[in-house]
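Below is one structure; the comments refer to it alone.
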Amino acid sequence: MERPRQHVALIGFMGTGKSTVSKELAARLICDVIDIDAEIVRREGASIADIFETRGEAEFRAAETAALADVIDRAEPLVIATGGGAVLAEHNRKLMLEGSFVVSLSADPSQIIARVSQDPDRPLLQGDVAGRVYKLLEDRKHAYDFAHLAIDTTHLTVQEVVDQIERGLKQRF
């Protein structure tokens, strides 16, 4: 596959495969990958959990928007893995739509819970993980609807997801 003409932004709830798929997709497209959460950690000098705990969610979301804007503004095509809540800000959705091919990844709640239940670095899931996942999924049920392409990753391998994205890119361009 040739390099994409623009960025590919992966969106979706936590645990749907954005970070894993982004690495494989970037390798296939022969371009770099940037994980927005990792970019925030690098820029802020603190973990996501620490930012939430010491500065609050609003400051984290501001850092997320700044990192996303800077990454989207880069000239070279990239695969961008966003955090699950990046879509909550209208400005972020607009940035992604204007500067990238947006792919929404989803999965069954039970699969998400299995994938994220042992991860201590998920500040929004402290306490009752299953209850928090269901609540956040309900709160965000239409937040990912703006994507150009939607893929349910529940029963797919990473390669199958990448294949679907590649087909979507070819159809779009």
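The values are calculated or read from the model by the stated rules, or taken from the named source; none is laboratory data. Everything quoted here is computed from the prediction, not taken from an experiment. Glycine also receives a Cβ, built like all others from the backbone with ideal geometry; neighbour counts cover every protein chain displayed. Accessible surface is based on the protein model in full, side chains and every heavy atom, while ligands, DNA and RNA are left aside. Shrake-Rupley method; radii C 1.70, N 1.55, O 1.52, S 1.80 Å.
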What are the pairs with Cβ atoms under 9 angstrom where one residue, in region 91-113, is open to solvent by less than 60 Å² (accessible area, probe 1.4 Å) and the other, located anywhere, is of a type in the set (Phe, Trp, Tyr) and part of a helix (DSSP H, G or I)? Sequence gap at least six, or different chains. PRO109/TYR134; ILE113/TYR134
Just name the residue that is most open to solvent (accessible area, probe 1.4 Å) out of those in region 12-22 that are outside any loop (DSSP other than H, G, I, E, B) and farther than 19 Å from LYS170 by Cα. THR20
Which residue pairs have Cβ atoms under 6 Å apart, sit 6 or more places apart or on different chains, and have a first residue in region 144-173 that is closer than 25 Å to SER110 by Cα and a second that is in a loop (DSSP other than H, G, I, E, B)? THR153/THR16; THR153/GLY17; THR153/ALA107; THR154/ALA107; THR154/ASP108; VAL161/THR153
Tell me, which residue of region 145-173 that is of a type in the set (S, T, N, Q) and under 18 Å from THR16 (Cα atoms) is surrounded by the most Cβ atoms within 10 Å (Cβ to Cβ)? THR153
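Rundown of residues vs (1) open to solvent by 30 Å² or more (accessible area, probe 1.4 Å); (2) within 20 Å of ILE11 (Cα to Cα); (3) among the polar types (S, T, N, Q), yes/no style:
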| site | (1), (2), (3) |
| --- | --- |
| ASP32 | yes, yes, no |
| GLU39 | no, yes, no |
| ALA46 | no, no, no |
| PHE60 | no, yes, no |
| THR65 | yes, yes, yes |
| LEU68 | no, yes, no |
| GLU76 | yes, yes, no |
